Amino acid sequence: MAALLVTELVANAAKHTGCTWIAVAVRRKPSSVWVGVRDSSGELPALMTPAHEAESGYGLGLVAALAQRWGVECAPRGKWVWFELRVEAT
């Protein structure tokens with residue numbers, strides 16, 4: 001599931017920001033994994049409700065539906081869009 005969600009966030013950054021770079025970071029916590037996608041755009045993403053027959057606009061909705069938590073944090077030059085997923089302790 002993490003691969004699907006990070007793909008959605010990277011695709012959103014590539015399609016909507018016009019940035020020349022995108023970074024992905026992953027942090028393992030005791031009971032979750034945090035994944036962040038950073039770009040150099042200060043424009044914040046918007047959760048949309050696409051039309052029934054729309055072919056795009058579902059990315060953040062998918063993240064919101066499948067992740068335990070997600071959010072956006074402004075960075076000095078750009079932003080992080082992130083999500084957390086629960087994982088089994090090893």
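Charges were assigned to the Cβ only: +1 to each Lys and Arg, -1 to each Asp and Glu. The resulting dipole of the chain about its Cα centre is roughly 420 debye.
Please list, by residue number, every one of the chymotrypsin sites (Phe, Trp or Tyr not before Pro) in the chain that is coil in DSSP and has at most 14 other beta-carbon atoms within 10 Å. Here the chymotrypsin sites (Phe, Trp or Tyr not before Pro) that fit, given the DSSP loop and packing criteria, are 21, 58.
Note on residue 26: accessible area is roughly 100 Å² with a 1.4 Å probe, heavy atoms of protein only.
Mean projection of the alpha-carbon convex hull of region 1-48 over all orientations, in nm²? It would help to have the intermediate numbers written out before the result.
Working: hull surface 15.6 nm².
Taking the Cα atoms of region 1-48, their convex hull projects to 3.9 nm² on average.
Suppose R0 equals 25 Å. What FRET efficiency, 1/(1 + (r/R0)^6) with r the Cβ-Cβ distance, do residue 1 and residue 51 give to the nearest 0.05? Mind showing how you got there, number by number?
Details: r = 26 Å, r/R0 = 1.03.
That pair, residue 1 with residue 51, gives E of 0.45.
Most simply put, the chain has about 100% antiparallel DSSP beta bridges, counting only bridges with both residues inside it. Residue by residue, region 17-30 carries 3J(HN,Hα) couplings of 9, x, 6, 8, 9, 9, 10, 10, 10, 10, 10, 8, 10, x Hz when phi is fed to the Karplus relation 6.51 cos²θ - 1.76 cosθ + 1.60 (θ = phi - 60°); x denotes Gly or Pro. Taking +1 at the Cβ of each Lys and Arg and -1 at the Cβ of each Asp and Glu, which of 83, 48, 58 sits farthest along the dipole of the chain towards its positive end, judged by Cα position relative to the Cα centre? The listed residue farthest towards the positive side: 83. For the chain, the per residue solvent-accessible surface stands at 65 Å², with DNA, RNA and ligands left out and a 1.4 Å probe.
Its residue count N fixes a reference of 2.2 N^0.38 Å for the chain, and the Cα radius of gyration divided by that reference is 1.09.
Checking every one of the trypsin sites (Lys or Arg not before Pro) in region 1-80 against DSSP loop status and a limit of 16 other Cβ atoms within 10 Å picks out 77.
The values are calculated or read from the model by the stated rules, or taken from the named source; none is laboratory data. Source: prediction; values computed, not measured. Neighbour counts are summed over all protein chains in view; Cβ atoms, including those assigned to glycine, are modelled from backbone coordinates with ideal geometry. Areas reflect the complete protein model, heavy atoms only, side chains present, ligands, DNA and RNA absent. Shrake-Rupley method; radii C 1.70, N 1.55, O 1.52, S 1.80 Å.
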